[in-house]
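Trainee: Please read through the structure below; I'll follow up with questions.
The values are calculated or read from the model by the stated rules, or taken from the named source; none is laboratory data. Just so it is clear, the structure is predicted and the values come from calculations on it, not from any experiment. Cβ placement follows ideal geometry from the backbone for every residue including glycine, while neighbour counts extend to all protein chains displayed.
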Amino acid sequence: MSVVLIVNSGSSSLKYSLVDMDREVPLGEGLIERIGQESSEISHTIRRLNDGDAAPTVLDVTKKSERTIADHVEAFAVMLEQFETHGPALAEHPPVAVGHRVVHGGARFFAPTLVTDAVEQSIGELEVLAPLHNPANLAGIRAARAAFRDVPHVAVFDTAFHQTLKPAAYTYAIDAAFAEKHRIRRYGFHGTSHKYVSEQAAAFLGCDLASLRQLVFHLGNGASVTAIDGGRSVETSMGFTPLEGLVMGTRSGDLDPAVLVHIARVADYSIDEIDTLLNTRSGLKGLAGHSDMRDILAGVDAGDDAATLAFDVYIHRLRAYTGAYIAQLGGVDVISFTAGVGENAAQVRAEALAGLGFFGIEIDRARNEARGHGIRRISTGSSSVSVLVVPTDEELEIARQTLSLV
């Protein structure tokens, strides 16, 4: 059995998964939240498989607890403790490699990369481009390398999938020398999800990935859309940071840059205050007081004006990107929705693509509203564009890329 440990170290969280790569299923996984706060929450799930089945049945057993966890080094020790106490025992399922999610690889990293001291240093140097994410990613890498000294560690970068963007797509129209000096360009994010979903969609349809023009909507608290031509990212909505693009749970998405100048002048906001406003007090939360789409939809049903406006703004932005990216692709063969909102909010999917029959896009209402697991088609039989719901699995994608390298 080939087992890979996946570590996704966030700013105040540690998500982990021990993946059996022979069957591509997690044996155990967990999430440690609110690291560095008064009380941290720990959730650890053991996945028991019936080995005799061709498609093994699964029984999840979840253990939850709370304690104070000061930093990511301590969080990593707690993760090891969870495996030892609740299982599966790492001694019985030793990982052949550890894969790490790293948010920002800049223009340096375009593939899964074996972690060395020099790579650690480079990830640290890129902290200026992702100050909320890369320091935490690096803390997880250092803790893991200290705990697992005898296995290879692999960094998988959110930005790597978008390294295929052409200069016309990634270049901002500002002073060229200034942009080069400060590494200002579109990088794109959610790359592991977009790559995984586009490949799953092609396999589900029985089509050659290289023959398909695809749009993938990753709609969660963070949200992005990517245009994918023949398996290669050619356009993506997130830019220099994950703030650009679609309306998100707490992020504004696209905004006239002059608004920032105006805020600084008339409200006397500092740079940090502006950053907080746009990243944590905007998006759906800024418009309606709630960052969760379920709360927004409940407000729409109840006739709440703020929730209705927030939903309308969210959909308007989705439709604008849909039309623009279909134009960039010269047509589209497949549209996939993924992540929390994309997989579960039928109303979002329906409204985002409503009235686009002239593109050959037709949604089947019953299919769209039916609850289901796994990949499913929600377009009509006569739709020339296949519209799918594709559950994402970023941990599995990281595990695949890790194992392919080592």
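Trainee: Scan the helices (runs of 4 or more DSSP H) fully inside region 249-325 and keep the ones with 2 or more residues being polar (S, T, N, Q). Talk me through it step by step, then tell me what you get.
Mentor: On the way: elements: 258-266, 271-280, 283-288, 293-301.
Answer list for region 249-325: 271-280.
Trainee: Something else: Considering region 346-375 alone, what residues qualify as being buried (at least 16 other Cβ atoms within 10 Å of the Cβ) and under 25 Å from Ser17 (Cβ atoms)?
Mentor: The answer is Ile375, and nothing else.
Trainee: If I ask for residues that are in a strand (DSSP E or B) and surrounded by fewer than 21 Cβ atoms within 10 Å (Cβ to Cβ), which ones from region 28-46 would you list?
Mentor: Within region 28-46, Glu29, Leu31, Glu33, Glu41, Ser43, Thr45, Ile46 qualify.
Trainee: Could you list, in sequence order, all residues of region 145-166 that are in contact (Cβ under 8 Å) with a residue 12 or more places away in the chain and not in a helix (DSSP H, G or I)?
Mentor: If the condition is that a residue be in contact (Cβ under 8 Å) with a residue 12 or more places away in the chain and not in a helix (DSSP H, G or I), then Phe148, Val151, Pro152, His153, Val154, Ala155, Val156, Phe157, Asp158, Thr159, Leu165, Lys166 are the ones that fit.
Trainee: Here's a follow-up. Within region 167-193, restricting attention to residues that are without any contact (Cβ under 8 Å) to a residue 24 or more places away in the chain and either among the charged types (D, E, K, R) or buried (at least 20 other Cβ atoms within 10 Å of the Cβ) (or both), which residue is nearest to Thr226 (Cα to Cα)?
Mentor: Residues of region 167-193 that are without any contact (Cβ under 8 Å) to a residue 24 or more places away in the chain, as a first pass: 167-168, 170-171, 173-182.
Adding the requirement that they be either among the charged types (D, E, K, R) or buried (at least 20 other Cβ atoms within 10 Å of the Cβ) (or both) leaves 175, 180-181.
Working: Asp175: 26, Glu180: 24, Lys181: 27 Å.
Among them, the one singled out is Glu180.
Trainee: Would you mention how many residues in region 141-157 are touching a strand residue (DSSP E or B) at 6+ places or on another chain (Cβ under 7 Å) and within 15 Å of Leu80 (Cβ to Cβ)? Full working, then the answer.
Mentor: Step one: filter region 141-157 for residues touching a strand residue (DSSP E or B) at 6+ places or on another chain (Cβ under 7 Å), giving 141, 144-145, 148, 151-157.
Keeping just the survivors that are within 15 Å of Leu80 (Cβ to Cβ) gives 144-145, 148, 151.
The total comes to 4.
Trainee: Does Ser404 satisfy being within 30 Å of Val25 (Cα to Cα), more than 23 Å from the chain's Cα centre (by Cα) and among the hydroxyl-bearing types (Ser, Thr, Tyr)? Before the answer, list the steps.
Mentor: On the way: within 30 Å of Val25 (Cα to Cα): yes; more than 23 Å from the chain's Cα centre (by Cα): no; among the hydroxyl-bearing types (Ser, Thr, Tyr): yes.
Spelling it out, it is not the case that Ser404 is within 30 Å of Val25 (Cα to Cα), more than 23 Å from the chain's Cα centre (by Cα) and among the hydroxyl-bearing types (Ser, Thr, Tyr).
Trainee: If a residue has to be assigned to a helix (DSSP H, G or I) and either buried (at least 24 other Cβ atoms within 10 Å of the Cβ) or over 20 Å from the mean Cα position of the chain (by Cα) (or both) to count, how many in region 199-229 make the cut?
Mentor: Step one: list which residues in region 199-229 are assigned to a helix (DSSP H, G or I), which gives 199-205, 209-211.
After this cut, where a residue has to be either buried (at least 24 other Cβ atoms within 10 Å of the Cβ) or over 20 Å from the mean Cα position of the chain (by Cα) (or both) as well, the list is 201, 203-205, 209-211.
Qualifying residue count, region 199-229: 7.
Trainee: Can you spot a residue in region 97-109 that is β-branched (Val, Ile, Thr), in contact with a His (Cβ under 7 Å, 6 or more places away or on another chain), within 19 Å of Leu27 (Cα to Cα) and modelled with pLDDT of 90 or more? Lay out the reasoning, then the answer.
Mentor: To start, the set of residues in region 97-109 that are β-branched (Val, Ile, Thr) comprises 98, 102-103.
Going one step further and asking which of them are in contact with a His (Cβ under 7 Å, 6 or more places away or on another chain), we end up with 98, 103.
Within this subset, residues satisfying the condition of being within 19 Å of Leu27 (Cα to Cα) are 98.
With modelled with pLDDT of 90 or more added as a condition, the list becomes 98.
Checked against the condition, which is being β-branched (Val, Ile, Thr), in contact with a His (Cβ under 7 Å, 6 or more places away or on another chain), within 19 Å of Leu27 (Cα to Cα) and modelled with pLDDT of 90 or more, region 97-109 yields at least one hit.
Trainee: Would you mind stating whether Tyr172 is assigned to a loop (DSSP other than H, G, I, E, B), in contact with a His (Cβ under 7 Å, 6 or more places away or on another chain), modelled with pLDDT of 95 or more and not small (Gly, Ala, Ser)?
Mentor: Details: assigned to a loop (DSSP other than H, G, I, E, B): yes; in contact with a His (Cβ under 7 Å, 6 or more places away or on another chain): no; modelled with pLDDT of 95 or more: yes; not small (Gly, Ala, Ser): yes.
Taking the combined requirement at face value, the residue does not satisfy it.
Trainee: Might you let me know whether region 318-335 holds any residue that is crowded, with 19+ Cβ neighbours inside 10 Å, within 23 Å of Leu255 (Cβ to Cβ) and touching a helix residue (DSSP H, G or I) at 6+ places or on another chain (Cβ under 9 Å)?
Mentor: Looking for residues that are crowded, with 19+ Cβ neighbours inside 10 Å, within 23 Å of Leu255 (Cβ to Cβ) and touching a helix residue (DSSP H, G or I) at 6+ places or on another chain (Cβ under 9 Å), one finds at least one in region 318-335, hence yes.
Trainee: A further question on this structure: Report whether or not Gly372 is assigned to a loop (DSSP other than H, G, I, E, B), at pLDDT below 95 and on the phi > 0 side of the Ramachandran plot. Please lay out each step first, then the result.
Mentor: On the way: assigned to a loop (DSSP other than H, G, I, E, B): yes; at pLDDT below 95: yes; on the phi > 0 side of the Ramachandran plot: no.
Spelling it out, it is not the case that Gly372 is assigned to a loop (DSSP other than H, G, I, E, B), at pLDDT below 95 and on the phi > 0 side of the Ramachandran plot.
Trainee: Does any residue of region 173-187 turn out to be touching a strand residue (DSSP E or B) at 6+ places or on another chain (Cβ under 6 Å) and either within 23 Å of Met79 (Cβ to Cβ) or among the aliphatic types (A, V, I, L, M) (or both)?
Mentor: First pass over region 173-187, keeping only residues touching a strand residue (DSSP E or B) at 6+ places or on another chain (Cβ under 6 Å): none.
No, every residue in region 173-187 fails to be touching a strand residue (DSSP E or B) at 6+ places or on another chain (Cβ under 6 Å) and either within 23 Å of Met79 (Cβ to Cβ) or among the aliphatic types (A, V, I, L, M) (or both).
Trainee: Looking at the structure I just gave you, is Thr280 of a type in the set (S, T, N, Q), touching a Ser or Thr at 6+ places or on another chain (Cβ under 7 Å) and surrounded by fewer than 19 Cβ atoms within 10 Å (Cβ to Cβ)? Write out each step before concluding.
Mentor: Values: of a type in the set (S, T, N, Q): yes; touching a Ser or Thr at 6+ places or on another chain (Cβ under 7 Å): yes; surrounded by fewer than 19 Cβ atoms within 10 Å (Cβ to Cβ): yes.
Yes: the conditions hold for Thr280.
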